[in-house]
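Engineer: So that we are looking at the same thing, I have put the structure below in structure tokens.
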Amino acid sequence: MFLRIVALLSTAALVAGATAPAAASDRERAFFERIEGAWTGPGEIVAGKYKGTKFVCNFAGSTPEDKVGMSLDGGCRVGVFNQAMSAKVERSRSGFSGTFLDGAAGKGLDVIGGSVKGEYAVFAIHRNALTGAMRAQLSGKDMMNVTISVHVEEELVPVIGITLKRVDPKAVSALTQN
């Protein structure tokens with residue numbers, strides 16, 4: 001269960017939705033491009049059975065050339081235990097959709113919607129009866145805070161917090177020069 005919850009982190013940069021397709025697509029593409037590259041950082045489970053458990057994650061983000069979206073690959077470590085992580089989201093006609101690992105049909109999650117607004121993105125996550133949201137907040141070029149929350153009855157309860165730091169500053173500087 002713990003690794004499944006931690007696995008939600010890999011979808012940190014996966015975001016969805018828009019109201020004006022062209023403008024939103026440009027805004028979303030810019031957000032995804034800022035998340036390209038290598039990220040690492042500590043996190044903690046802040047609620048539930050595994051409350052207080054600390055972990056460290058490493059991710060490599062990339063964007064497809066011909067679509068708006070992102071792929072993340074990497075993993076998280078708790079003590080001596082490692083869990084591989086992968087996620088993919090792409091824009092479709094109805095918004096964004098995507099999967100973490102093998103999606104909700106397997107052992108993962110589905111990304112089912114969301115939005116990008118300036119420095120942050122919020123998206124909906126789903127697996128069977130579990131629903132929730134993730135918020136990824138960029139802080140400058142090299143920091144990102146991620147909060148995963150799940151629905152408990154009628155309330156959205158924060159479960160995981162993580163702070164990621166960019167470990168390859170050349171990725172952002174190359175993008176900002178274009």
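Engineer: How far apart, in nm, are the 7 Å Cα→Cβ label points at Ala105 and Val157?
Structural biologist: If labels sit at Ala105 and Val157, their model points lie 3.2 nm apart.
Engineer: Find out how many positive minus negative residues lie around Glu44, taking Lys and Arg as positive, Asp and Glu as negative, among other residues whose Cβ is under 9 Å from that of Glu44. Mind dumping the intermediate values first?
Structural biologist: On the way: positive: Lys51, Lys54; negative: none.
Charge balance near Glu44 sits at +2.
Engineer: Ignoring ligands, DNA and RNA, what percent of the 1.4 Å accessible area of the stretch 67-178 is carbon and sulfur? Don't skip to the end; give the middle numbers.
Structural biologist: Values: 3230 of 6030 Å².
Solvent-exposed carbon and sulfur of the stretch 67-178 make up 54 percent of the total.
Engineer: In whole Å, what are the Cα extents of the stretch 70-128 along the three principal axes, biggest one first?
Structural biologist: Sorted from largest, the Cα extents of the stretch 70-128 read 41, 30, 18 Å.
Engineer: Binning every alpha carbon pair distance of the stretch 53-173 at 5 Å from zero, what are the percents per bin?
Structural biologist: 2, 10, 16, 25, 25, 14, 6, 2, 0
Engineer: Within the stretch 31-130, count lysine pairs with alpha carbon atoms under 24 angstrom apart where the residues are 8 or more positions apart or belong to different chains. Intermediate results must be reported in sequence, preceding the final value.
Structural biologist: Working: Lys49/Lys107; Lys51/Lys107; Lys54/Lys107; Lys67/Lys88; Lys67/Lys117; Lys88/Lys107; Lys88/Lys117.
Final tally of qualifying lysine pairs is 7.
Engineer: Mind listing the long-range amide H neighbours of Val111? Cut-off is under 5 Å, sequence gap 5 or more, other chains count too, H placed in the peptide plane at 1.01 Å from N.
Structural biologist: Hits under the 5 Å cutoff: Gly98, Thr99, Phe100.
Engineer: Please compute the modelled spin-label separation between Lys51 and Asp66, points set 7 Å along Cα→Cβ, answer in nm with one decimal.
Structural biologist: About 5.0 nm, to one decimal.
Engineer: Here's a follow-up. Positive end of the dipole of the stretch 53-142, charges at C-beta (+1 Lys, Arg; -1 Asp, Glu), about the Cα centre: which of Ala133, Gly95, Leu72 has its Cα farthest in that direction?
Structural biologist: Final value for the positive-end residue is Ala133.
The values are calculated or read from the model by the stated rules, or taken from the named source; none is laboratory data. All of these numbers come straight from a predicted model, not from anything done at the bench. Cβ atoms come from the backbone with ideal geometry, glycine included; neighbour counts cover every protein chain shown. These accessible areas exclude ligands, DNA and RNA; they are computed on the full protein's heavy atoms, side chains included. Shrake-Rupley method; radii C 1.70, N 1.55, O 1.52, S 1.80 Å.
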